[in-house]
Structure formats: C-alpha cells, structure tokens
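Participant: Have a look at this one before I ask anything.
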Amino acid sequence: MCRDYITEKLERAHVNYLVPLVFNDNIYKHILPPHSYIAVDTFASMAALVDHLKYLTNNDTAYMQYHTWRRQYEIDRTLIVGQCELCAKLVHEQHRVSIRENIARWYGPNGVCTPNYGRTLHAS
C-alpha cells in the first residue's frame, strides 16, 4: 500500500462495468467518483465485506448503483497521451534528479508505503 499509487486497472474496470475493489479508501476517495468502487477498509470485518459482495452478486439493482456516477462523469481516454507526454518530459528534462539515500527507509514502514497492509487489514 503506497501513498500516491493508483492502479492502472481502474480504467479497464470502469470501461467494462466492473466495480473496482481497493484496499484503502483514503487513497481513492479524492480521485474517483463517489460510490464507484468498494474500499475494503470501510468494512468492519472481512466477513462484512464478503456479505456485501455476495449481496451485490445477487442484486443487480444494488450492483448498478455503483455505476450511477456515469450520469455525471465520463472516462477520460487521453491517459495514453498523458503517459507519452510524461515520458517525453523525462527524456528532455534529464537535469532533474531525485536521489534517495536509503530506498528502504523511503519506501518502507515510515515512508511512502505500508508493508503487508492487506495482511493486517481486519486481521482479528
């Protein structure tokens, strides 16, 4: 679980009318439309999450409520163009360098990532 990491699978899920299942609501709630995904950490237990997923499997109306955002939002398919622009900037702006003296500290428990987040979520 890393701060500022968003999976590239979101667009594919939304294009195919799937409901993305994410671990951490705090990462996604500021960038995705409301009620367009399911966040594991918003459930009291894994059993509650499983019950909700079973409910959605058997209730088309409830499942489709996760797609009501489509009335107000549309998927921006220019992502590929944006990635190409990012690559071009990286190639042309080589003078910008970021050095991490200790990658384990930067990436690790007190850095940008929380190791084993999925294993510890609802562990009790």
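Coordinate-derived values only; no laboratory data. Bear in mind the structure is a predicted one, so any value in this text is a computation, not a measurement. Note that we place each Cβ from the backbone using ideal geometry, even for glycine, and neighbour counts take in every protein chain shown.
Participant: Using a simple spin-label model with points 7 Å from Cα along the Cα→Cβ vector, what separation in nm is obtained for T114 and A13?
Facilitator: Computed distance between label sites T114 and A13 equals 1.7 nm.
Participant: Also, quick follow-up: May I ask you to order 24-34, 51-61 by the average number of other C-beta atoms within 10 Å around their residues, highest value first?
Facilitator: Per-residue mean Cβ counts within 10 Å order the peptides as 24-34, 51-61.
Participant: Would you grab the residues whose amide H sits under 5 Å from the one on C2? Only those 5+ places off in sequence or on another chain, please, with H modelled 1.01 Å from N.
Facilitator: T114
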